[in-house]
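The structure appears right after this line, and notes come after that.
The values are calculated or read from the model by the stated rules, or taken from the named source; none is laboratory data. Just so it is clear, the structure is predicted and the values come from calculations on it, not from any experiment. Here the Cβ positions follow ideal geometry from the backbone for every residue, glycine too, while neighbour counts run over all protein chains shown. Ligands, DNA and RNA are excluded from the accessible area calculation, which covers all protein heavy atoms including side chains. Shrake-Rupley method; radii C 1.70, N 1.55, O 1.52, S 1.80 Å.
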Amino acid sequence: MMDKKNFFAQVFTPGTVPCAVFGMAVGLLFAVLCLTIGVGKTLLIGLFCLVGAFVGGVKDKAGFIRRVILFFHRGEN
């Protein structure tokens, strides 16, 4: 039996069994939401979840947005 710290480290490590099970659960949740409330509402819920994760999880928001913009405009000179 593994401890909690090791388990959660493996949940976010691609190629491990806990990561596959987590991905399957997220896919199942997305499928159930699409079938019950529709694709548009499900995508809106996902968008709000991403915005909430951004607000709560990123310390340097301006720097993060700057890096994302530079990433997408890197080859346009």
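Were the residues from ASP3 through VAL17 laid out at 0.36 nm apart, the gain over their Cα-Cα distance would be 3.5 nm. A 1.4 Å probe over all protein chains sorts LYS61, LYS5, LYS41 by accessible area into LYS5, LYS41, LYS61, starting with the largest. Using the rule -39500 (n - 2.57) for each DSSP H run of four or more residues, divided by the residues of the chain, the 222 nm mean residue ellipticity is -25500 deg cm²/dmol. Screening the chain for whole DSSP H helices of 24 Å or more along their axis (Cα) with average Kyte-Doolittle hydropathy at least 0.5 returns 17-37, 39-57. Candidates GLY63, ALA9, CYS34 compared by Cα position along the dipole of the chain: farthest toward the positive end lies GLY63, with charges placed on Cβ. Normalised by residue number, the volume inside the convex hull of the Cα atoms of segment 32-77 is 98 Å³ per residue.
On a per residue basis, the convex hull of the C-alpha atoms belonging to the chain measures out at 161 Å³. Local charge for LYS59 was computed over the other residues whose Cβ lies under 15 Å away, with Lys and Arg +1 and Asp and Glu -1, and equals +2. Sorting MET24, MET2 by accessible area puts them as MET24, MET2; the probe is 1.4 Å, largest comes first, and only protein heavy atoms count.
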